[in-house]
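K.L.:
Before anything else, here's the structure in question.
The values are calculated or read from the model by the stated rules, or taken from the named source; none is laboratory data. Remember, it's a predicted structure, so these values are computed and weren't measured experimentally. Note: ideal-geometry Cβ built from the backbone for every residue, glycine included; neighbour counts use all protein chains shown.
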Amino acid sequence: MKFNTDEIASVLREEIDQFETGIDVREVGRVLEVGDGIARVWGLSGVMAGEMVEFPGGITGLAFNLEENSVGVIILGDYLKVTEGDEVRSTGRLLSVPVGDAVIGRVLDPLGNPLDGKGPVVTDLRRPVEALAPGIAERQPVREPLQTGIKAVDAMTPIGRGQRELIIGDRKTGKTAIGIDAIINQKNSGVKCFYVAVGQKDSSVAVVIDTLRKYGAMDYTTVIVSGASTAAPLQYIAPYSGTAMAEHFMYNGQHALIVYDDLSKQATAYRQLSLLMRRPPGREAYPGDVFYAHSRLLERSAKLSKELGGGSLTSLPIIETLEGEVSAYIPTNVISITDGQIYLQPDLFFAGQRPAMNVGISVSRVGGAAQTKAMKKVAGGLRLDLASFRELEAFAQLGTDLDAATQQRLDRGYRMVELLKQGQYQPLDVVDQVLSIYAGTRGFLDDVKRDEVADWEKSFLTFVRDQVPELRARIEQTKELDGESERQLEAAIADFKRQRAAGESHGNRELAGAAR
Amino acid sequence: MTKPLSSNAAEPAAGDVTVDIGAERIARVYAQAIIEAADRKGCRGQVLGELAGIVRKVLPAVPRARDVFASPRIGTDEKARMIDAITKGRTLPTTAHALHVLARHGRLGLLAEVVTSAERLAAELEGRKQATFTTAVPLAAAEQARIVTEVEQAVSATLAPTFAVDPDIIGGLVVRIGDTVYDQSVATALVRLGERLKKRSIHEIQYGRDRLSPA
């Protein structure tokens, strides 16, 4: 492949021919002090709040604090190159990022500059980083499901398109894993995905990108990275710029999913900026408007009305708690903003229950309307059953003799817990989820040993796929579990059990033969 | 990009940058008070002239005077006596009063800032704007006058011009009025051209790649 250099040369010649010395009018100020990603600027008397300013060398900044006789600017870029006395010019523009199909599959910084070495992002489409959320008239209730492919989530805290579902938990409890699984599961759903890494270790982000690539998810995903080594201003704006990119698809009638990993780090970055700007500290030294910082971000996730194309933006913000402390400032704020939360607990995680979701306090406030009828039918009482099982289990540990009914409920519970365990990067199709949860909740697993549940489920799903494809097709099509399907399903389970028993006794005989 | 933007930093500070924002803010309050007091007596120009004279001529001639003025260890009475000695019979009473007020509030050390601030305020009130004209070569007086008149017409304001020479701008003229810079220098034009060329080249290369790539 060879570029036509003549062509390029002619373009350049044209430019030079048209070269004329127009007057360059700019409003300027001068840097008084600079440090830690912020600059105090003298002058710039006409600059507007949130306006983009330019430092020498093409470094951009945002007018953050307008004071009586100086302007506080946050520097988006290498602040070490800005020195005292530098001229700052206002641009009259708001900060914007490239959007559209050109950003899909890319790894970008919060300003939209490529980080993946795949060349510039070629597009004329841009959107302002800070945008108003759609108003009430422009929305409609959440009703389409967004399948995460995780049984526990899709059955008990279903997420709808346009919903904000918080993922909250201590460090190392699998928060990111849920987000990544949800992204991987969007493979054939046409949902565009955005993963915003804020204040994460660059090594973990590299692993995430690698995973997404491995599972073919980078074809429809954009990763926005401002790692732990990035200056606080960039960490602060990263979620907003990710949202701007995702919004583009929402306003064009498509569906998008955005994962903010994580908003506690963004709040920390914002606190740093605010304190450096000498804004008064409030609770936990966060500035008074940290709630607004998160609410205006998450309000931008919406399900748009039909007139606007019916697009949606679903967000999965992640919050890291310390020692399970959900009543700290930032967690309570974000819990109150979002439409539900998935609460992950370390003790469940270490007990081998992964995803380590605490069913009792995880909720989805609007997602129920978005569940398919089939899923609603099979998973209806699951959440309450599991919660009551947890209570019973604690009671049973006292070692008291239990009556048969209680023992039976305990056994069912143990099997459901086993059934809801799911490996990472193994999203399940919603029909498969319906099939296995049906088997669990209707007691077909009661006679299966606890450590064989996973294996039973796996071979059962293969069995249905191979031997009763019409059942799968029927549920997939109607998205319902009507009487007929239910009969077929029960028959299939009975069939499968027979085959399995035969296979087992066969296997046992073989084993016995081998021993002899 | 760096060159034309930073060229302003090489300019003499010309009293238009006060590094200490806090001091500047305090100075402005006193400046406003002094101007209003002088206006009531109808002697704004004279009072400002006298204060400027003290700051720019008297104080530099007596290097330690500034320290004495600024020092909190020297009592108010002492300072008042010194002010009386300086001003007696030489200045208007308003000027002397202004100095006394500054001394009594322990702000005599900010005298220079107060004067700069007052001059700026006065210029604002009179509708005059501070303007800096930067050229690559020194201008003849006639040229200077012509340029100032033309710019005054263009921005429809009276200007208080200062002239600076900066060979780095190569050619053309850079006018700074307040915080706004009208830049017609060759250096900036070259930078803009460079940016445009770079952008076009990248665009052409990318476009060419899209066209040539097999998919």
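K.L.:
Kindly indicate the residue of the range A:222-281 that is farther than 13 Å from A:V196 by Cα and among the charged types (D, E, K, R) and also surrounded by the fewest Cβ atoms within 10 Å (Cβ to Cβ) among those meeting that condition.
P.N.:
Taking the candidates together, the pick is A:R278.
K.L.:
Taking B:V151 as the residue in question, decide whether it is at the interface with chain A (Cβ under 8 Å from one of its Cβ atoms), more than 17 Å from the chain's Cα centre (by Cα) and among the hydrophobic types (A, V, I, L, M, F, W, C).
P.N.:
Spelling it out, it is not the case that B:V151 is at the interface with chain A (Cβ under 8 Å from one of its Cβ atoms), more than 17 Å from the chain's Cα centre (by Cα) and among the hydrophobic types (A, V, I, L, M, F, W, C).
K.L.:
Regarding the range B:87-96, can at least one residue be identified that is among the hydrophobic types (A, V, I, L, M, F, W, C) and over 30 Å from B:T188 (Cα atoms)? Write out each step before concluding.
P.N.:
Kept after step one, since they are among the hydrophobic types (A, V, I, L, M, F, W, C), are these residues of the range B:87-96: B:92, B:96.
Those still in the list that are over 30 Å from B:T188 (Cα atoms) too: B:92, B:96.
Yes, the range B:87-96 contains at least one residue that is among the hydrophobic types (A, V, I, L, M, F, W, C) and over 30 Å from B:T188 (Cα atoms).
K.L.:
Further question: Sort out for me the strands (runs of 3 or more DSSP E) sitting completely within the range A:145-262 that have 1 or more residues that are more than 22 Å from A:R296 (Cα to Cα). Lay out the reasoning, then the answer.
P.N.:
On the way: elements: A:166-169, A:192-198, A:221-226, A:255-261.
Of the strands (runs of 3 or more DSSP E) lying wholly inside the range A:145-262, those with at least 1 residues that are more than 22 Å from A:R296 (Cα to Cα) span A:166-169, A:221-226.
K.L.:
Can you give me the number of residues within the range A:14-70 that are aromatic (F, W, Y) and either in a strand (DSSP E or B) or over 23 Å from B:K198 (Cβ atoms) (or both)? Walk me through how you get there before you give the answer.
P.N.:
Looking only at the range A:14-70, we keep the residues that are aromatic (F, W, Y), and these are A:19, A:42, A:55, A:64.
Subsequent filtering for residues that are either in a strand (DSSP E or B) or over 23 Å from B:K198 (Cβ atoms) (or both) retains A:42, A:64.
The total comes to 2.
K.L.:
How many residues does the range B:7-46 hold that are within 10 Å of chain A (Cβ to nearest Cβ) and either modelled with pLDDT of 85 or more or not in a loop (DSSP other than H, G, I, E, B) (or both)?
P.N.:
Total satisfying the criteria: 9.
K.L.:
Then there is this: Name the residues in the range A:86-97 that are crowded, with 18+ Cβ neighbours inside 10 Å and either in a loop (DSSP other than H, G, I, E, B) or more than 14 Å from chain B (Cβ to nearest Cβ) (or both), would you?
P.N.:
The initial filter retains those residues of the range A:86-97 that are crowded, with 18+ Cβ neighbours inside 10 Å, namely A:86-90, A:95-97.
Matches in the range A:86-97: A:D86, A:L95, A:S96, A:V97.
K.L.:
Can I ask one more? Being modelled with pLDDT of 95 or more, within 24 Å of A:L304 (Cα to Cα) and not assigned by TED's automatic domain parsing to the domain that holds A:D78 narrows it down to one of A:T268, A:T243, so name that one. Can you show your working first?
P.N.:
Details: A:T268 fails: within 24 Å of A:L304 (Cα to Cα).
Step by step, each of A:T268, A:T243 is checked, and only A:T243 is modelled with pLDDT of 95 or more, within 24 Å of A:L304 (Cα to Cα) and not assigned by TED's automatic domain parsing to the domain that holds A:D78.
K.L.:
So in the range A:14-56, with the set limited to residues that are within 11 Å of chain B (Cβ to nearest Cβ), of a type in the set (V, I, T) and touching a residue at least 12 places away in the same chain (Cβ under 8 Å), which one is surrounded by the fewest Cβ atoms within 10 Å (Cβ to Cβ)?
P.N.:
A:V28
K.L.:
Out of the residues in the range A:100-127 that are hydrophobic (A, V, I, L, M, F, W, C) and either assigned to a strand (DSSP E or B) or not assigned by TED's automatic domain parsing to the domain that holds A:A269 (or both), state the one that is nearest to A:R213 (Cα to Cα).
P.N.:
The initial filter retains those residues of the range A:100-127 that are hydrophobic (A, V, I, L, M, F, W, C), namely A:102-104, A:107-108, A:111, A:115, A:121-122, A:125.
Those left that are additionally either assigned to a strand (DSSP E or B) or not assigned by TED's automatic domain parsing to the domain that holds A:A269 (or both): A:107-108.
On the way: A:V107: 11, A:L108: 15 Å.
Out of the qualifying residues, it is A:V107.
K.L.:
Another question about this same structure. Is at least one residue of the range A:57-79 without any contact (Cβ under 8 Å) to a residue 24 or more places away in the chain, in contact with a Lys or Arg (Cβ under 7 Å, 6 or more places away or on another chain) and within 9 Å of chain B (Cβ to nearest Cβ)?
P.N.:
yes
K.L.:
Give me the residue from the range A:332-370 that is assigned to a loop (DSSP other than H, G, I, E, B), more than 19 Å from the chain's Cα centre (by Cα) and free of Cβ contacts under 8 Å to residues at least 24 places away in the same chain and, out of that set, surrounded by the most Cβ atoms within 10 Å (Cβ to Cβ). Give the steps one after another, and end with the answer.
P.N.:
Taking the range A:332-370 first, the residues assigned to a loop (DSSP other than H, G, I, E, B) are A:338-339, A:345, A:351-356, A:358-362, A:365-366.
From what's left, more than 19 Å from the chain's Cα centre (by Cα): A:351-353, A:359-361.
When the remaining residues are screened for being free of Cβ contacts under 8 Å to residues at least 24 places away in the same chain, the result is A:351, A:361.
Details: A:A351: 11, A:I361: 13.
Once the filter is applied, the top-ranked residue is A:I361.
K.L.:
Output the number of the condition that B:P4 fails; it satisfies all remaining conditions of (1) more than 9 Å from chain A (Cβ to nearest Cβ); (2) modelled with pLDDT under 80; (3) part of a helix (DSSP H, G or I).
P.N.:
Checking B:P4 against (1) more than 9 Å from chain A (Cβ to nearest Cβ); (2) modelled with pLDDT under 80; (3) part of a helix (DSSP H, G or I), the one that fails is (1).
K.L.:
Mind counting the residues in the range A:321-331 that are under 17 Å from A:R164 (Cβ atoms) and crowded, with 19+ Cβ neighbours inside 10 Å?
P.N.:
Step one: filter the range A:321-331 for residues under 17 Å from A:R164 (Cβ atoms), giving A:326, A:330-331.
From the residues that got through so far, the ones that are crowded, with 19+ Cβ neighbours inside 10 Å too are A:330-331.
Final tally of qualifying residues: 2.
K.L.:
Among B:A154, B:A141, which is the only one that is more than 25 Å from B:G45 (Cβ to Cβ), out of contact with any strand residue (DSSP E or B) (no Cβ under 8 Å at 6 or more places or on another chain) and of a type in the set (A, V, I, L, M)? Give the steps one after another, and end with the answer.
P.N.:
Details: B:A141 fails: more than 25 Å from B:G45 (Cβ to Cβ).
Exactly one residue qualifies, and that residue is B:A154.
K.L.:
Of all residues in the range A:302-314, which are of a type in the set (S, T, Y) and in contact with a Pro (Cβ under 9 Å, 6 or more places away or on another chain)? Show your work before the answer.
P.N.:
As a first pass, look at the range A:302-314 and keep what is of a type in the set (S, T, Y): A:305, A:312, A:314.
Answer for the range A:302-314, where residues must be of a type in the set (S, T, Y) and in contact with a Pro (Cβ under 9 Å, 6 or more places away or on another chain): just A:S305.
K.L.:
Go over the candidates A:V198, A:V207 one by one and state the one that is at pLDDT 95 or above and surrounded by fewer than 23 Cβ atoms within 10 Å (Cβ to Cβ). I'd like the intermediate steps shown before the answer.
P.N.:
Numbers: A:V198 fails: surrounded by fewer than 23 Cβ atoms within 10 Å (Cβ to Cβ).
Just a single option satisfies the conditions, and that option is A:V207.
K.L.:
Could you check the range B:72-110 and list, in sequence order, the residues that are part of a loop (DSSP other than H, G, I, E, B) and loosely packed, with under 15 Cβ neighbours inside 10 Å? Give the steps one after another, and end with the answer.
P.N.:
Restricting attention to the range B:72-110, the residues satisfying the condition of being part of a loop (DSSP other than H, G, I, E, B) are B:72-75, B:88-92, B:105-107.
The answer is B:P72, B:R73, B:G75, B:K88, B:G89, B:R90, B:H105, B:G106.
K.L.:
Would you please name the residue that is farthest from A:Q341 (Cα to Cα), looking only at residues in the range A:136-155 that are of a type in the set (A, V, I, L, M) and surrounded by fewer than 24 Cβ atoms within 10 Å (Cβ to Cβ)? Break it down stepwise before answering.
P.N.:
In the first step, residues of the range A:136-155 are kept if they are of a type in the set (A, V, I, L, M); the result is A:136-137, A:142, A:146, A:150, A:152-153, A:155.
Those still in the list that are surrounded by fewer than 24 Cβ atoms within 10 Å (Cβ to Cβ) too: A:136-137.
Numbers: A:I136: 23, A:A137: 26 Å.
This residue is A:A137.
K.L.:
Here are some conditions: (1) assigned to a loop (DSSP other than H, G, I, E, B); (2) surrounded by 22 or more Cβ atoms within 10 Å (Cβ to Cβ); (3) not aromatic (F, W, Y). A:I74 meets all but one. Which one does it not meet?
P.N.:
Single failed check for A:I74: (1).
K.L.:
Just one of B:A65, B:A61 is surrounded by 13 or more Cβ atoms within 10 Å (Cβ to Cβ), under 25 Å from the mean Cα position of the chain (by Cα) and more than 18 Å from B:V29 (Cα to Cα); which is it?
P.N.:
On the way: B:A61 fails: surrounded by 13 or more Cβ atoms within 10 Å (Cβ to Cβ).
Criteria check complete, one pass: B:A65.
K.L.:
Another one. Quick one: count up the residues across the range A:299-310 that are touching a Lys or Arg at 6+ places or on another chain (Cβ under 8 Å) and either part of a loop (DSSP other than H, G, I, E, B) or buried (at least 22 other Cβ atoms within 10 Å of the Cβ) (or both).
P.N.:
So the first thing to find is which residues in the range A:299-310 are touching a Lys or Arg at 6+ places or on another chain (Cβ under 8 Å), and the list is A:301-305, A:310.
From what is left, the residues that are either part of a loop (DSSP other than H, G, I, E, B) or buried (at least 22 other Cβ atoms within 10 Å of the Cβ) (or both) are A:301-303, A:305, A:310.
So the answer is 5.
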